[in-house]
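Chemist: Have a look at the structure that comes next, please.
The values are calculated or read from the model by the stated rules, or taken from the named source; none is laboratory data. On a predicted model such as this, the values are computed, not experimentally measured, just so you know. Cβ placement follows ideal geometry from the backbone for every residue including glycine, while neighbour counts extend to all protein chains displayed. Heads up: the accessible areas ignore ligands, DNA and RNA and are worked out on the full protein's heavy atoms, side chains in. Shrake-Rupley method; radii C 1.70, N 1.55, O 1.52, S 1.80 Å.
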Amino acid sequence: MTTPASTPTLRPAQGDASDLAARFPGVVSPDTRPGFSGFTIPADKLVEVATIIRDELGYDLLSSVTGVDYLPENKMEVVYHAYKTTGGPALVFKVQVPRDNPVVASMTPIWKGAEFQEREAWDLLGIKFTGHPDLRRILMWEGFEGHPLRKDWKEAFYEEDAKPFKSRWPDGKHVLAEARNPFSDNLRFPSGFDPEKMTFADPEEALYRSLKKYTFEDADGIQADHIIVNLGPQHPSTHGVFRSAVILDGETVVSLKPVMGYLHRNHDKIGERNTFLQIIPYTDRLDYFCSMTNNHGYVLAVEKLMGIQVAERAEYIRVIMDEITRIQNHLIFFGMLLNDLGAMYTPALYAFEERELILDIFEAAAGSRMMCNYYRFGGVVRDVPAEALQKLRDLVFDRLPGKIDEMERLLTENDVLVSRLKGVGYLSAEDAINTSMTGPMLRASGVPYDIRRADPYSIYDRFDFKVACRPDGDLYARYMVRVDEVRESIKILQQALKQIPEGPTMSVKPQYQVRVPAGEAYGRIESPKGELGYYVISNGKPNPWRYHIRASSFINLTALEMMCKGEKIADFVAILGAIDIVLGELDR
Amino acid sequence: MENKESLNLPGYEIPDELKNVVSVTALDRLYNWGRRSSVWPLMFGLACCAIEMIAAQASRYDLARFGMEVMRPTPRQADLMIVAGTVTKKMLPAIVRLWNQMPEPKYVLAMGACASSGGPFKEGYNVVAGIDKFLPVDIYVPGCPPTPQALLNGLILLQKKIDQESIRKVRWYRKGPDSVEIPVPILGPDLIDPRRIPDIKAKAAELASTPAPATQS
Ligand code: SF4
């Protein structure tokens, strides 16, 4: 394979996809819109067909579920991307429902991993999923007015449908957004709204109702009751503003619900207003430890749509940046996990020491330590300076291998670490697949699924590396998978740094306004945290019609309750730490 | 440190036999010196900027040089709230509560574009366009994210601000309620600032009488 930039029309012909239409003649029909692929399934046959897709065609991993609002056609569409954990391309299937009453059967009985994504589609688009166990808002709060991703829903600071806004370009007159809003702020109330007479249900109530309560009567007739504990959103161990409501029996977790949205920054809505190029810096701010890999997933999707190749040198630079990002992310992971276990800050200091050296390279190449904004459609924005490349060589060949050994010497055999991690937070391989776990979490449950191998993108098929995988499914396995991955990343980096050719870093002329043909594309990469996917729909205009992020931090939390049940509350902190979430990506 | 020397210069003559034996200083100087050298920030990160805040605390930039490395997870022990990241409407009630729980003297530092003004996410429907709409910000640090050096600069500015204060004038020793408590915002159809209820009511009534397309769905 030379390039990931294949035309989107190539996909439906591959894999078992063709069987599907043959199996259900007259029911399942290929999506024939130009630039689109996959199959359309009528809403009433969805569960039946999806069961076949999972059980007989073998697409066991439901990667992405998202809704699209087709306002002009007065339709809502739900798009599913399913993959095989043995590798290969996606099976894309879609359901269209009328826009005024969008009701779709929930996929949760077939793939539990759909749970949060369906809640998100309900929250942001107002699509109802029948049979969903707990259909509440997930990113916004209960009681919020409207479904913001609907195309006719306008935010309070709305100016125009698409950037660049005419008020600022070309002649630059600008009115403060506050001055245009009737409430002089980022507020949007229904007309005639009276806050004093407002009656609204307590937004928390639905949450507490969804928890499984616990009461118990012992032999003497003494009633034992449950305790509700709220962790977060301000809590030192939640890695940001994540929150969990937990029901405890003594110290043991009985039931748990993650609560998110405290950092919901509306990436999707802002993305739909932005031009394709303007989105790249926003992707930086998703998983803010890994801006390079975030860029990569997005440019892959758009390159697929545009059907362009990537410059050879740029491919190498991308791989190098992705892998060094992975090392940096995993180092921080070790530090933060140890923080969560109570080894406050010392391991993290070791991690930050290496991270600073890596950030220096990012700064030299991209101009910024964290928000790199480095990848472009067709390449990378500029070449890596020679000195930075030399620093990188020193780091990869001389320094990092020793540092990993040092860290392992301090941690891997450490009694406290082993006893806190071994056998805790178990997740079986079946459950991991069914809950759409990806990345190190899935591999720690014994499923060797790594997109770099399973569905190679960029030039990963040229490198010799092993997919890190551990069968135990506990916290220790999750820790070890990351250790192995750092070593494998170093291997890839050493090969890439030896092979990197000279040449241009862009295959096309850089443009501010790229022309993206109409169609859909799903670009996904193996980010340090799991599968990071971007689902982009273009209608030929300068802005995407739909821009959706499939975030692994978000979906990997589906199994949180499963893993925590029966464990101690202190272990909850470690289990959460081992998922490796980043709030920017979780809440988007 | 420059300030340590000036601490012993009260501005009047010290008898020779007492030099280097006792310390004579102005009360304000001693008071401010003590406080500026032990500003404990709240361990509180909202988004990307928080990572740079942690980097500032780690070995390369080493906040400990300023006596500020003791990040406190509880607001009860914190003197400084570094608002490091995007303030969302959903999070705001929690932030205001945290602020209300911090004892005086307390300061707010808005770190980054988001905390100062909404930054790149200003147009977002869940984003508060700047924490200064609710909390009294002392220092703004620009950047997206500000580098650790920029944050350090902001903290030095805060120290300078503390140096200007006088024990006779500071608000926490005046009579009256102990702190500047801020009413906790309510999450309704949108974020409701309790201080603005009459205003919101009037504006919404106005909207009802005139068809306004911009805020209708
Ligand atoms: S200012 Fe920039 S870096 Fe800081 S929180 Fe906002 S988006 Fe993130």
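Chemist: With the structure loaded, tell me whether A:Leu20 is touching a residue at least 60 places away in the same chain (Cβ under 8 Å), part of a helix (DSSP H, G or I) and open to solvent by less than 10 Å² (accessible area, probe 1.4 Å) or whether it fails that test.
Modeler: Numbers: touching a residue at least 60 places away in the same chain (Cβ under 8 Å): yes; part of a helix (DSSP H, G or I): yes; open to solvent by less than 10 Å² (accessible area, probe 1.4 Å): yes.
Answer is yes for this residue.
Chemist: When you check A:Ala386 against the structure, is it within 16 Å of the ligand (Cβ to nearest atom) and open to solvent by 10 Å² or more (accessible area, probe 1.4 Å), yes or no?
Modeler: Numbers: within 16 Å of the ligand (Cβ to nearest atom): no; open to solvent by 10 Å² or more (accessible area, probe 1.4 Å): yes.
No: the conditions fail for A:Ala386.
Chemist: Provide a single number: the residues in region A:539-588 that are over 29 Å from A:Met370 (Cα atoms) and either outside any loop (DSSP other than H, G, I, E, B) or within 14 Å of another protein chain (Cβ to nearest Cβ) (or both).
Modeler: Initially, region A:539-588 is screened for residues over 29 Å from A:Met370 (Cα atoms), giving A:539-541, A:559, A:561-572.
If we keep only those that are either outside any loop (DSSP other than H, G, I, E, B) or within 14 Å of another protein chain (Cβ to nearest Cβ) (or both) too, we end up with A:559, A:561-564, A:568-572.
Number of matching residues: 10.
Chemist: Still on this model: I'm trying to understand the selection: among the residues of region A:197-215, which are in contact (Cβ under 8 Å) with a residue 12 or more places away in the chain, within 14 Å of chain B (Cβ to nearest Cβ) and assigned to a loop (DSSP other than H, G, I, E, B)?
Modeler: Within region A:197-215, A:Phe200, A:Ala201 qualify.
Chemist: If you don't mind, another one. How about region A:390-429: which of its residues are part of a loop (DSSP other than H, G, I, E, B) and without any contact (Cβ under 8 Å) to a residue 24 or more places away in the chain?
Modeler: Residues of region A:390-429 that are part of a loop (DSSP other than H, G, I, E, B), as a first pass: A:412-414, A:422-428.
Within region A:390-429, A:Glu413, A:Asn414 meet the criteria.
Chemist: In region B:26-75, how many are over 12 Å from B:Pro148 (Cβ atoms), within 14 Å of chain A (Cβ to nearest Cβ) and hydroxyl-bearing (Ser, Thr, Tyr)?
Modeler: 1
Chemist: Is it the case that some residue within region A:554-577 is of a type in the set (Gly, Ala, Ser), in contact with a Phe, Trp or Tyr (Cβ under 7 Å, 6 or more places away or on another chain) and open to solvent by less than 10 Å² (accessible area, probe 1.4 Å)? Steps first, please.
Modeler: Of the residues in region A:554-577, the ones of a type in the set (Gly, Ala, Ser) are A:559, A:566, A:570, A:574, A:577.
So of that shortlist, the ones also in contact with a Phe, Trp or Tyr (Cβ under 7 Å, 6 or more places away or on another chain) come out as none.
No.
Chemist: A further question follows. Is it fair to say A:Asp394 is charged (D, E, K, R), within 16 Å of A:Ile320 (Cα to Cα) and away from the ligand (no atom under 16 Å from the Cβ)?
Modeler: Working: charged (D, E, K, R): yes; within 16 Å of A:Ile320 (Cα to Cα): yes; away from the ligand (no atom under 16 Å from the Cβ): yes.
Yes.
Chemist: In addition: When only residues in region A:270-291 that are within 10 Å of another protein chain (Cβ to nearest Cβ) and under 12 Å from A:Ile549 (Cβ atoms) count, which is nearest to the ligand (Cβ to nearest atom)?
Modeler: By that ranking, first place goes to A:Arg285.
For (1) open to solvent by 30 Å² or more (accessible area, probe 1.4 Å); (2) at pLDDT 90 or above; (3) within 16 Å of the ligand (Cβ to nearest atom); (4) over 15 Å from the mean Cα position of the chain (by Cα), each residue gets a yes or a no:
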| residue | (1), (2), (3), (4) |
| --- | --- |
| B:Asn20 | yes, no, no, yes |
| B:Val39 | no, no, no, no |
| B:Leu46 | no, no, yes, no |
| B:Glu52 | no, yes, yes, yes |
| B:Arg65 | yes, no, no, yes |
| B:Pro73 | yes, no, no, yes |
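Chemist: Is one or more of the residues making up region A:311-318 assigned to a helix (DSSP H, G or I), of a type in the set (Lys, Arg) and open to solvent by less than 10 Å² (accessible area, probe 1.4 Å)?
Modeler: Initial filter on region A:311-318 (assigned to a helix (DSSP H, G or I)): A:312-318.
Narrowing the set further to residues that are of a type in the set (Lys, Arg) leaves A:313, A:318.
Retained after the next criterion (residues that are open to solvent by less than 10 Å² (accessible area, probe 1.4 Å)): A:318.
Yes, because at least one residue in region A:311-318 is assigned to a helix (DSSP H, G or I), of a type in the set (Lys, Arg) and open to solvent by less than 10 Å² (accessible area, probe 1.4 Å).
Chemist: Here's a follow-up. Restricting to region A:279-305, name every residue that is out of contact with any His (no Cβ under 8 Å at 6 or more places or on another chain), aromatic (Phe, Trp, Tyr) and assigned to a helix (DSSP H, G or I).
Modeler: Selection gives A:Tyr298 alone.
Chemist: Listed residues A:Leu338, A:Leu411; which is in the same structural domain as A:Lys568 (by TED's automatic domain parsing) and surrounded by 23 or more Cβ atoms within 10 Å (Cβ to Cβ)?
Modeler: Values: A:Leu411 fails: surrounded by 23 or more Cβ atoms within 10 Å (Cβ to Cβ).
Selected residue: A:Leu338, the only one of A:Leu338, A:Leu411 that is in the same structural domain as A:Lys568 (by TED's automatic domain parsing) and surrounded by 23 or more Cβ atoms within 10 Å (Cβ to Cβ).
Chemist: Starting from residues that are of a type in the set (A, V, I, L, M, F, W, C) and open to solvent by 10 Å² or more (accessible area, probe 1.4 Å), keep the ones in region B:144-165 and report whichever is nearest to the other protein chains (Cβ to nearest Cβ).
Modeler: Filtering region B:144-165 for residues of a type in the set (A, V, I, L, M, F, W, C) gives B:144, B:150-152, B:155-158, B:162.
Going one step further and asking which of them are open to solvent by 10 Å² or more (accessible area, probe 1.4 Å), we end up with B:144, B:150, B:152, B:156-157.
Details: B:Cys144: 7, B:Ala150: 11, B:Leu152: 15, B:Ile156: 20, B:Leu157: 22 Å.
Going through the qualifying residues, I end up with B:Cys144.
Chemist: Run down A:Gly297, A:Gly342 and say which single residue is under 27 Å from A:Gln495 (Cβ atoms) and not aromatic (Phe, Trp, Tyr).
Modeler: Values: A:Gly342 fails: under 27 Å from A:Gln495 (Cβ atoms).
None of the others qualify; the one that does is A:Gly297.
Chemist: Return the only residue of A:Asp455, A:Asp464, A:Asp484, A:Asp450 being surrounded by 21 or more Cβ atoms within 10 Å (Cβ to Cβ) and of a type outside the set (A, V, I, L, M).
Modeler: Details: A:Asp455 fails: surrounded by 21 or more Cβ atoms within 10 Å (Cβ to Cβ); A:Asp464 fails: surrounded by 21 or more Cβ atoms within 10 Å (Cβ to Cβ); A:Asp484 fails: surrounded by 21 or more Cβ atoms within 10 Å (Cβ to Cβ).
Being surrounded by 21 or more Cβ atoms within 10 Å (Cβ to Cβ) and of a type outside the set (A, V, I, L, M) holds for just one of A:Asp455, A:Asp464, A:Asp484, A:Asp450, which is A:Asp450.
Chemist: Among the numbered criteria (1) within 16 Å of the ligand (Cβ to nearest atom); (2) over 28 Å from A:Pro544 (Cα atoms), which one does A:Leu331 miss?
Modeler: Among (1) within 16 Å of the ligand (Cβ to nearest atom); (2) over 28 Å from A:Pro544 (Cα atoms), A:Leu331 violates only (1).
Chemist: Could you count how many residues in region A:133-173 are under 14 Å from A:Arg119 (Cα atoms), in contact with a Pro (Cβ under 7 Å, 6 or more places away or on another chain) and either more than 7 Å from chain B (Cβ to nearest Cβ) or of a type in the set (Lys, Arg) (or both)?
Modeler: Number of matching residues: 1.
Chemist: So which of A:Glu363, A:Glu356 ends up being within 16 Å of the ligand (Cβ to nearest atom), within 14 Å of chain B (Cβ to nearest Cβ), modelled with pLDDT of 90 or more and more than 23 Å from the chain's Cα centre (by Cα)? Break it down into steps so the answer makes sense when it comes.
Modeler: Working: A:Glu356 fails: within 16 Å of the ligand (Cβ to nearest atom).
Result of the check over A:Glu363, A:Glu356: A:Glu363.
Chemist: Which residues, counting only those in region B:132-143, are within 14 Å of the ligand (Cβ to nearest atom) and more than 13 Å from chain A (Cβ to nearest Cβ)?
Modeler: B:Tyr140, B:Val141, B:Pro142 - these are the residues of region B:132-143 that are within 14 Å of the ligand (Cβ to nearest atom) and more than 13 Å from chain A (Cβ to nearest Cβ).
Chemist: When you look at A:Ala343, is it assigned by TED's automatic domain parsing to the domain that holds A:Ile492 and in a helix (DSSP H, G or I), yes or no?
Modeler: Values: assigned by TED's automatic domain parsing to the domain that holds A:Ile492: yes; in a helix (DSSP H, G or I): no.
Against the criterion (assigned by TED's automatic domain parsing to the domain that holds A:Ile492 and in a helix (DSSP H, G or I)), A:Ala343 does not qualify.
Chemist: Further question on the same structure: Select, from B:Met102, B:Met111, the only residue that is away from the ligand (no atom under 16 Å from the Cβ), more than 8 Å from chain A (Cβ to nearest Cβ) and hydrophobic (A, V, I, L, M, F, W, C).
Modeler: On the way: B:Met111 fails: away from the ligand (no atom under 16 Å from the Cβ).
Every option except B:Met102 fails the conditions.
Chemist: Open to solvent by 40 Å² or more (accessible area, probe 1.4 Å), within 24 Å of A:Gly446 (Cβ to Cβ), in contact (Cβ under 8 Å) with a residue 40 or more places away in the chain and not assigned by TED's automatic domain parsing to the domain that holds A:Gly519 - does that describe any residue in region A:74-83? Steps first, answer last, please.
Modeler: Filtering region A:74-83 down to residues open to solvent by 40 Å² or more (accessible area, probe 1.4 Å) leaves A:74-75.
Checking the rest, the ones that are also within 24 Å of A:Gly446 (Cβ to Cβ) come to none.
Looking through region A:74-83, none of the residues is open to solvent by 40 Å² or more (accessible area, probe 1.4 Å), within 24 Å of A:Gly446 (Cβ to Cβ), in contact (Cβ under 8 Å) with a residue 40 or more places away in the chain and not assigned by TED's automatic domain parsing to the domain that holds A:Gly519.
Chemist: Something else about it: What number of residues within region A:55-70 satisfy the criterion of being farther than 22 Å from A:Val97 by Cα and in contact with a helix residue (DSSP H, G or I) (Cβ under 9 Å, 6 or more places away or on another chain)? Before you say what the answer is, go through the steps one by one.
Modeler: Within region A:55-70, the subset farther than 22 Å from A:Val97 by Cα is A:55-61.
Restricting the remaining residues to those that are in contact with a helix residue (DSSP H, G or I) (Cβ under 9 Å, 6 or more places away or on another chain) gives A:56-57, A:59-61.
Looking only at that region, the number is 5.
Chemist: Have a look at A:Asp218, A:Asp185, A:Asp194 and point out the one that is more than 10 Å from chain B (Cβ to nearest Cβ) and more than 16 Å from the ligand (Cβ to nearest atom). Walk me through it before giving the result.
Modeler: Details: A:Asp185 fails: more than 10 Å from chain B (Cβ to nearest Cβ); A:Asp194 fails: more than 10 Å from chain B (Cβ to nearest Cβ).
When all the criteria are applied, what remains is A:Asp218.
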